[in-house]
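To start, the structure itself, in structure tokens.
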Amino acid sequence: MPEAFDHGPRLTDAEYDRAIVALHSGLPPKPSRDLDRQIRRRALDLAIDHRLGRHFPHDRREALWAIQQRVDRRRGRLLFKYLLRRFLARGLARDAQGLARGLVAEYATVLTPAELEAYFGAEEVRHPALPVDLDVLRKG
């Protein structure tokens with residue numbers, strides 16, 4: 001079992017849910033790139049506060065944010081493939097699973113094993129995956 005960590009109190013499930021709803025309430029239908037980036041950053045901070053603790057170190061938050069930005073750029077390429085899903089269904093599923101594996105692997109460069117399990121869950125750390133149904137992708 002990974003060793004324990006203590007980054008202070010964590011947001012409860014209810015506190016986290018309320019904060020996420022408040023974060024996304026009142027947003028314009030199409031937020032600017034800068035606003036979208038700010039929202040994604042705040043959502044990451046809330047997830048960290050909820051899963052790891054409110055006193056998680058600032059420098060490590062910044063490292064996770066840098067990883068998240070890199071992964072988000074890859075997500076854009078995945079969206080393009082989704083638009084071509086009838087032709088690329090198997091490749092899309094493989095890429096989606098690779099994105100999940102890559103995210104966990106990159107977060108593992110910043111988080112300890114115990115923190116990684118607290119953030120993603122033990123099963124997701126062992127078998128990172130996104131729920132992808134090839135039949136749905138093919139039918140579009």
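The values are calculated or read from the model by the stated rules, or taken from the named source; none is laboratory data. The structure displayed is predicted, hence computed values, not measured ones. Neighbour counts are summed over all protein chains in view; Cβ atoms, including those assigned to glycine, are modelled from backbone coordinates with ideal geometry. Calculation scope for accessible area: heavy atoms of the full protein, side chains included, ligands and nucleic acids excluded. Shrake-Rupley method; radii C 1.70, N 1.55, O 1.52, S 1.80 Å.
Each peptide among 53-62, 102-111 gets the average number of other Cβ atoms lying within 10 Å of its residues, and from highest to lowest they stand as 102-111, 53-62. Label-to-label distance, Asp36 versus Thr109, with points set 7 angstrom from Cα along the beta-carbon direction: 2.5 nm. Using a 1.4 Å probe on the protein chains only, how many percent of the accessible area of region 1-71 belongs to carbon and sulfur? For region 1-71, the apolar C and S fraction of the accessible surface comes to 53 percent. Between Arg73 and Asp13, the modelled labels are 3.7 nm apart [label points 7 Å from Cα along Cα→Cβ]. In sequence order, region 105-120 has phi-based couplings of 5, 5, 4, 5, 6, 10, 9, 6, x, 5, 5, 4, 5, 5, 6, 9 Hz under the Karplus curve 6.51 cos²θ - 1.76 cosθ + 1.60, θ = phi - 60°, and Gly or Pro positions carry x. Site pair Trp65 and His127 shows an inter-label distance of 3.5 nm when each label is modelled 7 Å from Cα along Cα→Cβ.
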